[in-house]
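Novice: Before I ask anything, here is the structure I am working with.
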Amino acid sequence: MIESRFWNRVRIKVSTLFAFLGFMLIGLVGSMIVADSASAHGYIESPASRAVLCKQGLNKNCGPVQYEPQSVEGKGSFPQDGPADGQIASGGVFANLNEQSTDLWHKVTMKGGKNTIKWYLTAPHATSEWKYYITKKDWDPNKPLSRAVLEPIHSINDGGKRPPNNIIHEVILPKDRSGYHLILGVWEIADTGNAFYQVIDVNLVNDDTGIEEPTTGNNPTVPGVPAWEAGKVYYKGDRVQYNGLEYEALYWTQNNKPDSSDAWKLVSNVILEWNRFNAYIGGDKVKHNGIVYEARWWTRGEEPGRAGVWKVVQ
């Protein structure tokens, strides 16, 4: 009898222990699932989005998004749901990103037609859809972004697949408008009900003359540096020559001509005449009207002697 009571107590204690361990295991698995479902983060790396340029310091007074451009996350199912009008650029989270005026944000230059847009996902997650929009021809750049001024230009249904860290999409930009426009990229997450929002401030160029441009750099004059080739993928730090000048890639790029894209930096040692189509960064030197100028920060199309970005050095 005593022995029977003893073994009953042992069985009760063992059962209690296993039950406790079972609850602990369930809790641990549950927390892992929740953590995984909330871990997706990412941003548009190229052309650099408004949030990324905040991180790089080219956009000022951005607030905390400068430390986490990958976290512009809000309600999904855009445009039926999602952030309210006026809060789209911020995902309803980083209010500074909603500020809007003609000259507030740094712009990247893009041409109408086929372009590549690259996302960097710091934490990939199951994806339902990628969506892209551009502002209409008559949008007001001095008003916060709203649904009424957006029109869709591209979408990709991923059907719940988990993407890699680097995602590249080909997007066709319209050729019926030029100047300052916004591109909105939306990454819809499959199983959280949220989405990530990225705005690109674009100087859209549609001034093609109909002249067929070369598919490779011509007039090679830089020994040991390969000519630029259309269709070839270049990464940050790659060097090419184009029309006799040497350029260095500032980020991932494809099909963007070195003399007309922000993806390239002119690195020739010779101080050349300023070209309104070239992008320059702080420290670059140019000649203009017989005077040598040095760029204080990134610039493109701003004339030396007229714009504060340039200082006289000779």
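Throughout, read-outs are computed from the coordinates displayed, never taken from laboratory work. Because the structure is predicted, anything quoted here is derived from the model rather than measured. Cβ: placed from backbone, ideal geometry, glycine included. Neighbour counts: every protein chain shown.
Novice: So which chymotrypsin sites (Phe, Trp or Tyr not before Pro) in the stretch 226-314 end up in coil per DSSP with only 15 or fewer other C-beta atoms within 10 Å?
Specialist: When the chymotrypsin sites (Phe, Trp or Tyr not before Pro) of the stretch 226-314 are filtered for loop state and at most 15 Cβ neighbours within 10 Å, Y235, F277, W297 remain.
Novice: Kindly identify the stretch 68-220 as rounded, prolate or oblate by the Cα gyration tensor criterion: order the square roots of the eigenvalues as a ≥ b ≥ c, call it rounded if a/c is under 1.5, otherwise compare a/b with b/c, prolate if a/b is larger, else oblate.
Specialist: The shape class here is oblate.
Novice: Through the Karplus equation 6.51 cos²θ - 1.76 cosθ + 1.60, θ set to phi - 60°, convert the phi angles of the stretch 62-78 into ³J(HN,Hα) values in whole Hz; use x for Gly and Pro.
Specialist: 8, x, x, 4, 4, 9, 8, x, 7, 10, 7, 10, x, 4, x, 6, 6
Novice: Only loop residues by DSSP count here, and only those with at most 12 other Cβ atoms within 10 Å; note down the trypsin sites (Lys or Arg not before Pro) in the stretch 227-314 that meet that.
Specialist: K236, R276, R306
Novice: With a cap of 15 neighbouring Cβ atoms within 10 Å, and only residues DSSP puts in a loop, list the trypsin sites (Lys or Arg not before Pro) found in the stretch 93-198.
Specialist: Answer in residue order: K136, K137, K175.
Novice: If you don't mind, another one. At a threshold of 8 angstrom on Cα-Cα distance, excluding pairs fewer than six apart, so keeping six or more, what relative contact order does the stretch 93-156 reach in percent?
Specialist: Over the stretch 93-156, the number comes to 41 percent.
Novice: Something else about it: Which of the three applies to the stretch 88-146, rounded, prolate or oblate, going by the alpha-carbon gyration tensor with a ≥ b ≥ c and a/c under 1.5 meaning rounded?
Specialist: oblate
Novice: Right, next: Pop out the ³J(HN,Hα) list for the stretch 153-167 in order, Karplus 6.51 cos²θ - 1.76 cosθ + 1.60 with θ = phi - 60°, rounded to Hz; leave Gly and Pro as x.
Specialist: Here the 3J(HN,Hα) series is 10, 6, 8, 9, 8, 9, x, x, 5, 8, x, x, 5, 10, 10 Hz.
Novice: Taking the Cα centroid of the stretch 225-259 and of the stretch 80-141, what is the distance between the two, rounded to the nearest whole Å?
Specialist: Their Cα centres are 27 Å away from one another.
Novice: So, in nm, how far is label S101 from label D191 when the simple model puts each one 7 Å beyond its Cα toward the Cβ?
Specialist: 4.6 nm
Novice: Multiplying the sequence separation of K311 and Y235 by 0.36 nm and subtracting their Cα-Cα distance, what value in nm do you get?
Specialist: So the extension gain works out to 24.3 nm.
Novice: Between E273 and A148, what is 0.36 nm times their sequence separation minus the Cα-Cα distance? Round to one decimal in nm.
Specialist: So the extension gain works out to 40.7 nm.
Novice: Something else: So how much slack lies between W297 and T122, counting 0.36 nm per residue of separation and subtracting their Cα-Cα distance, in nm?
Specialist: Full extension from W297 to T122 adds 60.2 nm.
Novice: Which pairs break 23 Å Cα to Cα here: K55/K236; K265/K287; K60/K143; K111/K161; K118/K143?
Specialist: With Cα atoms farther than 23 Å apart: K111/K161; K118/K143.
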